[in-house]
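I have placed the structure first, in the form of structure tokens, so that the comments after it can refer back to it.
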Amino acid sequence: MEKEKRPTRKNWDLMIGIALVLFGSLRLYNRLQTQAEWNFRAILTLTFILYGGFLIYRHFQSTKKD
């Protein structure tokens with residue numbers, strides 16, 4: 001039962017990772033165009049982008065092992 005759910009979780013992690021990177025990058029770009037300083041919200045957005053990149057990296061690392 002656990003192994004049946006595992007591939008769909010990997011696919012969801014990939015889609016979530018791509019969405020976090022794309023939407024986070026767009027949001028960070030728009031924020032830095034209007035405000036030049038790095039504040040708490042910009043750093044928080046950057047952490048979401050990094051987490052999305054980690055999910056994408058982990059997806060491709062686990063598919064190479066399988």
Checklist entry - Residue-wise, which Karplus ³J(HN,Hα) couplings in Hz belong to region 12-23, taking 6.51 cos²θ - 1.76 cosθ + 1.60, θ = phi - 60°, and x for glycine or proline? => result 5, 4, 5, 5, 5, x, 5, 5, 4, 5, 5, 5
Checklist entry - What list of ³J(HN,Hα) couplings, whole Hz, do you get for region 28-37 from phi and the Karplus terms 6.51, -1.76, 1.60, once you set θ to phi - 60° and write x for glycine and proline? => result 5, 4, 5, 5, 6, 6, 8, 10, 7, 8
Item to check | Charge context of T45, other residues only, Cβ under 15 angstrom, K/R +1, D/E -1 | outcome: +2
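No value in this document is a laboratory result; all are computed from the given coordinates. Everything quoted here is computed from the prediction, not taken from an experiment. As a convention, Cβ positions derive from the backbone with ideal geometry for all residues, glycine included, and neighbour counts pool all protein chains shown.
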